[in-house]
Amino acid sequence: MFTSYRKIITSLVFLHTSLLFSTLSGQTTAPASAGDTSRLQFYLDSVPKINQTDPKRGIALAEEGIRLAEARGDGHTASRLQLYKAVGLDIAGESQSAIDLLQTTKPVFLELGDTTRAADCDVNTGIAYYYRGELDQALSFYLQAYEAYHRIGNAYGLSRLLNNIGIIYRIQDKYPEAVEIYEEALNIKRTEKDSIGLAATFQNLGLLYSYQEKDEQSLHHLEEAVKVYQQLDEPREVASCYTSIGDALINLGRLPEAEERLSTAWDYFRNFPEDEYYSYTLQLLGEIALQKSDFARAHDYFEQGRSGIDGGEKKELLRLFLEKSAEANYGLGNYRQAYDDLKAAAAWQDSLTQEKRLELEKEMEARFEVAQREKDLEISQLALAKQQQERRYMLILLGIAVLVIGGVLYFLYTKNKTNRLLEKKNAIIEEALGEKELLLREIHHRVKNNLQFIASLLSLQSRHVTDDRALSVLQQSRSRVQSMSLLHQDLYKGENEVAVEAQTYLSRLIETIFSTQNIREDRIELKQEIAPLRLDVDTAIPLGLILNELVCNALKHAFSATKTGKLSVRLVPQEEHLLVEVADNGPGIAEEEWQNTDSFGYKLIQLLMEKLQASLNIYNKNGATVQLIIRQYQLL
Amino acid sequence: MNIAHLHILVVEDEPVVREDLLWNLKDLGCRRLSAAANAEAALHIIDRELPDLALIDIHLGEGQNGIQLARQINRAYRIPFIYLTAFSDDQTLSAVKETMPAGFVLKPFDINRLRAALQIAYHNYYAAIRHRLGRLEDINERLPETLTAREMDLLRQICEGASNKQMAEQLFLSVNTIKTHLKNLYLKLDANNRAEVILKVQKVLGGGY
């Protein structure tokens, strides 16, 4: 029961950053005669002080100073004055403007390398939030500043800040955290020899322990606080500590000691009915009287304590007094009075309950709203997430599309490039081929022209020869040239310039021989059996010449001018060689005779056979059959 | 078919080959022969003598080649011609075809093949003319001076490629009479020889051969 009202009536000693500044000195206007430097110094000195009493004037002065500092290009001083102006705004009740200004000034300090004042900005932001009741916000800024102070080793700022943090923990009922904070603050203040701070911290710790019903520890810290306060001659704080000590002693059952301390406290507070400790002290004195069964005195104390309370914010306290008063009246036998007190207490209780319920309802409502808002938020977040996901899909699709299109374009590009390259190469190749063709054509043309020239030469010469043998030689030579040129006619007609069609070539050759020998077709029955072979030039030329000799020879020797003869020419591929056969139905050939006669034809055949690795056989049966077996040949 | 009476022009730039050709043609019985080493000289002879047939080498050294010469012949003279050439590639052949030659003989030539080509060319040429003889009567409608029946007979014979002697035998006339009729025919047709007569007939009847 005690704990609850102790908490209600007790506020911790709050240390505003304004404590950082020394007390106000009289001067409130800038010295007109002084230089800019001293004028700025004046603003820096006076604004924080004036803020405490007349924040509007403090703000105006700060703005004046800021203009001057900026005109002089003194950014640091301007920022310091911005910080003071913000404190002024906060005190004047414009907390949001103060917060905004502080948070815009903070980065300027950081840029200027003034980490301490950047942290001061956070501390003052925290204070502004604290006054607005936004404790979590305040705490987060305090903690930021706490880290900064720690880093730069600003013990003084740190100790003050810890105090403020402790208050928030206390309000949030986070006692262990608060104790921890105050213990840390205590250490700093000891080393800093900050007596007033030390005392305040001792007191706060004492109160914190009392909230946790750790009365021994509470007592110890409060006694420490009293010592310091006494040294510093702070009577109000000494008195308030005595009240708290009294409370702890009552809890410990040490009533005489408690009464002694409370009486001392009461000696001070009896003169300050507005002080919250006034009622608190009376309450405790009444409690002692009750326990001593001195109901009359108790009643007096309670009555006195109650008189200063007018409900409102102190309903809980009033209810407590009424309850205690009822107890006293009961002890005194004033049952009626006691009843009335209890009734009143109950009424206040109801009112309180009602308030609490309303508060609860409000809270519930708020929670509901928060939940609703969270739900809405969740929904909108989900919607957003969905939207983002859709956008992601779109982007992925777009990406894929871009990749595909890019790929296709690249493919087309490279294909086109390759095509163009190929076209170019083809053109070059075609050009080269065309040139080669032209050259080949020219060469063949010349070869044939030359052959024509030789043939004409032989022909013309033969017209001036009277000797028959010589004439025959010239005609045979012409025939051989003709035979070779026939090959060239076929050789360069189409694309297979290196291959010679055996059928075409050989039959034309025989036809030509018949024609030049003036053989009428009805005189000799010609039988050809030529396989459809494609001969290599190197095979075709000697083969053609040999055949030329054999056919000419047959026509010359085998047939008389009157007799009808038969001639058969065969070219047949056999297993590993080519068989050439020229057969006639003449009187036959004696090989030795043919060899021995000074025949150039036979010698030529021998020479050409060498090239073809051929062998010659002559059979005489129903005429002469000359067989040539060619081993070295090439077919295409 | 006898080609001996034909007036043949040989166009060949290589003197040895040209000489050999002329000798070979003489061997075939031809007596009216002309020779040119290039297109310019050939055109000069054609313009002056209007031979019955030309043997043309495609490669003619300086100046126009044989194909260009053939085009000029086709444009202005319409006498049949035979290419005698070492070219036998497809490209040359297709260029040659456009000029519609009466024949094509490859070098080195063989005299028998040349003779055959000459005979075929001459035959085809006059065959085309004979084909039009049925319409020969129409010629009088287009000539300033009409031909007599005898002159028309002579004209037919000329188109058959007959010699004066052959005509005389065919028409039971003396050679001298034939000559007289021919003179009249030449006058009426404004021609100097048989080739010009045929040319004139072609022109009057219209179209090629």
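The values are calculated or read from the model by the stated rules, or taken from the named source; none is laboratory data. Only a predicted model underlies this, so the values are computations on that prediction, with no experimental measurement involved. Counting neighbours? That spans all protein chains shown, and the Cβs are built from the backbone with ideal geometry, glycine included. Heads up: the accessible areas ignore ligands, DNA and RNA and are worked out on the full protein's heavy atoms, side chains in. Shrake-Rupley method; radii C 1.70, N 1.55, O 1.52, S 1.80 Å.
Coupling constants for the stretch A:205-218 follow from the phi torsions by the Karplus curve (6.51 cos²θ - 1.76 cosθ + 1.60, θ = phi - 60°), and in residue order they are 4, x, 5, 4, 5, 5, 4, 8, 6, 9, 5, 4, 5, 4 Hz; glycine and proline get x. Taking all protein chains together and a 1.4 Å probe, the residues B:GLU62, B:GLU196 rank B:GLU62, B:GLU196 from largest to smallest accessible area.
Highest-first packing order for the peptide set B:143-149, B:97-103 is B:97-103, B:143-149, based on the mean count of other beta carbon atoms within 10 Å.
Given R₀ = 41 Å, what would the calculated FRET efficiency be for A:GLN172 paired with A:LYS292, taking r from the Cβ atoms and rounding to 0.05? The pair A:GLN172/A:LYS292 has a calculated efficiency of 0.60. Peptide B:149-160 has a mean shielding of 0, counted as Cβ atoms of other protein chains within 10 Å of each residue's Cβ. The lysines within cross-link reach of B:LYS188, meaning a Cα-to-Cα straight distance under 27 Å and a gap of 8 or more places when in the same chain, are B:LYS165, B:LYS179, B:LYS200, B:LYS203. Ordered from largest to smallest accessible area (heavy atoms of protein chains, 1.4 Å probe), the residues A:ILE396, A:ILE513 come out as A:ILE396, A:ILE513. Normalised by 2.2 N^0.38 Å, with N the number of residues, the alpha-carbon radius of gyration of the stretch B:134-205 equals 1.01. Only the Cβ atoms of Lys and Arg (+1) and of Asp and Glu (-1) were treated as charged; on that basis the dipole of the protein assembly as shown about its Cα centre amounts to roughly 5900 debye. Computed with every protein chain present, the accessible area of A:ASP215 is close to 20 Å² [probe 1.4 Å]. Only protein heavy atoms count here; under a 1.4 Å probe, A:LYS214 has an accessible surface of about 80 Å².
Computed from the C-alpha gyration tensor, the three semi-axes of the ellipsoid equivalent to the protein assembly as shown are 152, 36, 28 Å, from longest to shortest. Leaving ligands and nucleic acids aside, the B/A contact buries around 2300 square angstrom of accessible area in total at a 1.4 Å probe radius. For the listed residue pairs A:LYS189/A:LYS227; A:LYS566/B:LYS26; A:LYS448/A:LYS527; A:LYS292/A:LYS324; A:LYS527/B:LYS107; B:LYS26/B:LYS97, the alpha carbons are over 25 angstrom apart in A:LYS566/B:LYS26; A:LYS448/A:LYS527; A:LYS527/B:LYS107; B:LYS26/B:LYS97. Cross-link reach is defined here as a Cα-Cα straight distance under 24 Å, omitting same-chain residues fewer than 8 places apart; for A:LYS424 the lysines meeting it are A:LYS415, A:LYS436. For chain A, the solvent-accessible area with a 1.4 angstrom probe is 54 square angstrom per residue. Pairs from the list A:LYS49/A:LYS193; A:LYS174/A:LYS315; A:LYS315/A:LYS362; A:LYS106/A:LYS174 with a Cα-Cα gap above 28 Å: A:LYS106/A:LYS174. Extending 7 Å from Cα along the Cβ direction at B:LEU143 and again at A:ASP376 yields two label points whose distance is 12.2 nm. Measuring heavy-atom accessible area with a 1.4 angstrom probe and counting protein chains only, the residues of the stretch B:3-51 that give up at least 30 Å² relative to the chain alone are B:VAL16, B:VAL17, B:ASP20, B:TRP23. Of all DSSP bridge pairs formed entirely within the protein assembly as shown, close to 50 percent run antiparallel. For peptide A:474-486, the mean count of partner chain Cβ atoms within 10 Å of a residue's Cβ comes to 1. Residues of the stretch A:538-558 with an amide N closer than 15 Å to a point placed 7 Å from the Cα of A:ARG523 along the Cα-to-Cβ direction: A:552-558. Taking all protein chains as present, what is the carbon and sulfur share of the accessible area of chain A, in % to the nearest whole number, probe 1.4 Å? So the carbon and sulfur contribution to the accessible surface is 52 percent.
Projected onto its three principal axes, the C-alpha set of chain B covers 49, 33, 26 Å, listed from the longest axis down. Counting only protein heavy atoms and using a 1.4 Å probe, the accessible area of B:ASP27 comes to about 100 Å². Percent of C-alpha pairs per 10 Å bin in the stretch B:7-129, short distances first: 13, 52, 33, 2.
For A:LYS56, the lysines whose Cα comes closer than 16 Å to its Cα, not counting residues fewer than 8 places off in the same chain, are A:LYS85. Relative intensity of the stretch A:316-469 on a log10 scale, I(q)/I(0) at q = 0.13, 0.21 Å⁻¹, equals -0.94, -1.20, per a Debye sum over C-alpha point scatterers of equal strength in the absence of solvent.
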